[in-house]
1. ³J(HN,Hα) across the range 110-120 via Karplus (A = 6.51, B = -1.76, C = 1.60, θ = phi - 60°), whole Hz, x for Gly/Pro?
2. If you rank Tyr54, Tyr33 by fewest surrounding Cβ atoms within 10 Å, what's the result?
3. How big is the range 40-80 on each of its three principal axes, counting only the C-alpha atoms and giving the largest first in Å?
4. So which lysines pass the test for Lys30, namely a Cα distance under 18 Å, with those fewer than 8 places away in the same chain ruled out?
5. Kirkwood Rh over alpha-carbon pairs of the range 1-78, then Stokes-Einstein at 4 °C and 1.567 mPa s: what D in µm² s⁻¹, rounded to an integer?
6. With springs only between Cα atoms under 10 Å apart, run a GNM on the chain and tell me which of Ser140, Ser160, Ser101 wobbles the most.
7. What residues have an amide H closer than 5 Å to that of Trp99, excluding those fewer than 5 places away on the same chain, when H is modeled at 1.01 Å from N in the peptide plane?
8. I'd like the FRET efficiency for Ser192 and Arg87, computed as 1/(1 + (r/R0)^6) with the beta carbon distance as r and R0 of 22 Å, rounded to 0.05.
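Each reported figure results from applying straightforward, stated rules to the coordinates on display, with no laboratory input. Owing to the predicted nature of the structure, the values given are computational and were not obtained by experimental measurement. No Cβ is skipped: glycine too gets one built from the backbone with ideal geometry, and neighbour counts run over all protein chains shown.
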Amino acid sequence: MPRQARIIYPGFFYHVLNRGNGKRIIFHKKQDYEMFINLMIKATVRFPLKIFSYCLMPNHFHLVVSPDKYDKLANWMHWLMTVYAKRYHFYHNTTGHLWQSRYKSFVIENDRHLFTVIRYVEGNPVRAGLVPSAKDWKWSSHRFNLGILTSSCENSFIPSRLPFPIPKDWGLFVDTPLLKKDLLNLRKCLRSNLPFGERQWMKIES
C-alpha cells in the first residue's frame, strides 16, 4: 500500500518526531548530540525553515518548526536524517537502519495548543526522569528560551523566537506536568499525525 502523502501548509507550525530503529539509542555521548545540532544548522542553510523548539533525547528527538514552502520540511528532514545516519555509522562502526521509519508530524493551531506542544517538547527530559528540571538538560531549546544562554546548547545554534511572549515562570510551566487530557490528545496526534487544535479548526485542517 502506498504511503499517504503529507500535506504541508507553508507558515503553519508542525511538531516533528523520529525515533531510533527498534527504539535504539541514537545519541550515546556529547559528540552525537553536538553533531546532530550542527547538522540541523547546515540543513537550515540548505532548506530554510524556522525552528522554535527542540529536544534531543537518547533514542528520539522532537522539533517544533514552521516551513515557508510546502516541500521545505520534507527536504530538510530527509537531508538531516540521511547525513546523520551516515556519520553515526562511520563513528560508531555500525550498519543497518538507524531510524525506525520516516518521521512523524502533525500540524498545530497557533494558539494555546502551540504553547502546550512547546511545553511538551521541552519537558520531555523531566517526564523521562533524566533530570529534575528541564533547565538541567543541555540538548534542547529550553535553556535558550529561558534566557540562560545567548545561543542554544552552548553552541552557535539560535532557535527562532517563540511566537508568544515567554511567561516569567516559563521554567515552572515546563517542569509542571501537563494536564492528562492534553497529554493524551498530544500522544494521539503523535500516533496518527492528526492536527492538534480546537475541534472546528481540526475539521478544516484534516
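1. Karplus values, whole Hz, x for Gly and Pro: 7, 8, 4, 5, 5, 4, 5, 5, 5, 4, 4.
2. In increasing order of surrounding Cβ atoms, one gets Tyr33, Tyr54.
3. Projected onto the principal axes, the Cα atoms of the range 40-80 cover 29, 18, 15 Å.
4. Lys86, Lys135, Lys138
5. Numbers: Rh = 13.5 Å.
D = 96 µm²/s.
6. Maximum fluctuation in the GNM of the chain, among the listed residues, is at Ser101.
7. Asn21
8. Computed FRET efficiency for Ser192 and Arg87: 0.10.
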